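FYI, it's all coordinate maths here, none of it is from the lab. Worth saying up front: this structure is predicted, and the values here are computed from it rather than measured. In this analysis, Cβ positions are derived from the backbone assuming ideal geometry, glycine residues included, and neighbour counts consider all displayed protein chains.
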Amino acid sequence: MVTVNVSLGDQSIRTVDSGWKMFVSPHARTILARHERVQNRMENVVEIKNLCVEYRGRRGASAVKLAVNNLTLNVRAGEVFGFLGPNGAGKTTTMNVLLGFLNATGGAACLFGVNVREPIARQRIGYLPELTYYYKFLTAEELLRFYARIFGIPRGEADRRIDALLKLVELEPARKRPIKTYSKGMQQRVGLAQALINNPDLLILDEPTSGLDPLGRMKVREIIQRLKNEGKTVFFSSHELGEVETVCDRVAIINQGKLKVEGRVGDLVAQYQCDLERIFLKIVGYQPQPAL
Ligand SMILES: Nc1ncnc2c1ncn2[C@@H]1O[C@H](COP(=O)(O)OP(=O)(O)OP(=O)(O)O)[C@@H](O)[C@H]1O
Ligand SMILES: [Mg+2]
């Protein structure tokens, strides 16, 4: 329920979301409707509308790959949103558009209401790439200080954030060791700390648990849960459907660049009468082979 306060000259109206339209003048109604639209828009941290991305072949080659096909998707503030799809479905490509690494060939995408073509749209985001390539001779502490400097975070504040983040990702004991001596799980966690150094409101994580053992996955899941509790929005891709089911508020499944299903995990499970993994397999057209 949304309470709206609007001042119209000397007339002040306080009204409650549902049914307010019945009690106010047409003029007030117009203003309140505008206010409501703005509020709704602000609730969508990520807005993707009719997005298309084509990859063209090399010069001279005519082949065009439509990696994202008319995708429309919204992620609301404070949500943990699972972006699912088989290999090659278009998840990383979509994220690359949000991050400004790639231009869409059609449609549009906004972060916090700002078109992703504007660099300022990315001011409040943190990003963990699918594959991380860090300077492996740096320690975790040095790497985080490097990123803090890129964001222009003052030294004292950077020190505080680095301490807190290394604690969060449980790398405190290894903070002075070069990253090249880290296991895969530790590297993934240093990547998460890097994604959080600017205290972003939106996290875009491309397969944050890929290649991790069950304990590593559990730790990443706990971190995502803590970020959600802090009010952050998390948009992440994953192939680990069991964990997606436990951590996500909503999911979208795409296949060959197209949105196939979107909704709250509980609603989808109730609708399809099976778990997320089976829903996924159904949607991507998996047919069980008869036993030999
Ligand atoms: N630079 C590129 N040039 C040409 N085609 C590309 C390029 N990058 C991706 N593709 C193609 O676009 C499609 C979508 O790829 P994308 O990497 O977005 O999928 P994904 O859903 O992230 O897959 P995965 O789960 O394997 O990470 C695939 O068919 C892929 O081969
Ligand atoms: Mg990918």
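The requirement of being farther than 26 Å from Val45 by Cα, under 23 Å from the mean Cα position of the chain (by Cα) and either within 16 Å of ligand 1 (Cβ to nearest atom) or polar (S, T, N, Q) (or both) is fulfilled nowhere in region 163-183; no residue meets it. Within region 79-101, at least one residue is within 15 Å of ligand 1 (Cβ to nearest atom), surrounded by fewer than 21 Cβ atoms within 10 Å (Cβ to Cβ) and among the aliphatic types (A, V, I, L, M).
In the set (1) free of Cβ contacts under 8 Å to residues at least 24 places away in the same chain; (2) within 25 Å of Leu84 (Cβ to Cβ); (3) touching a strand residue (DSSP E or B) at 6+ places or on another chain (Cβ under 9 Å); (4) not small (Gly, Ala, Ser), Glu130 fails one condition alone, (1). Which of the residues belonging to region 89-128 are farther than 23 Å from Ala148 by Cβ, assigned to a loop (DSSP other than H, G, I, E, B) and within 13 Å of ligand 2 (Cβ to nearest atom)? Ala89, Gly90, Leu102 - these are the residues of region 89-128 that are farther than 23 Å from Ala148 by Cβ, assigned to a loop (DSSP other than H, G, I, E, B) and within 13 Å of ligand 2 (Cβ to nearest atom).
Among the residues of region 196-213, some residue qualifies, meaning at least one is surrounded by fewer than 18 Cβ atoms within 10 Å (Cβ to Cβ) and within 16 Å of ligand 2 (Cβ to nearest atom). Among the conditions (1) more than 21 Å from Val265 (Cβ to Cβ); (2) in a loop (DSSP other than H, G, I, E, B); (3) within 16 Å of ligand 2 (Cβ to nearest atom), the only one that Pro86 does not satisfy is (1). Exactly one residue among Asp249, Asp201, Asp267 is touching a residue at least 12 places away in the same chain (Cβ under 8 Å), acidic (Asp, Glu) and out of contact with any Asp or Glu (no Cβ under 8 Å at 6 or more places or on another chain), and that residue is Asp201.
Taking into account only those residues within region 63-78 that are surrounded by fewer than 16 Cβ atoms within 10 Å (Cβ to Cβ) and closer than 15 Å to Cys52 by Cβ, which is nearest to ligand 2 (Cβ to nearest atom)? By that ranking, first place goes to Lys65.
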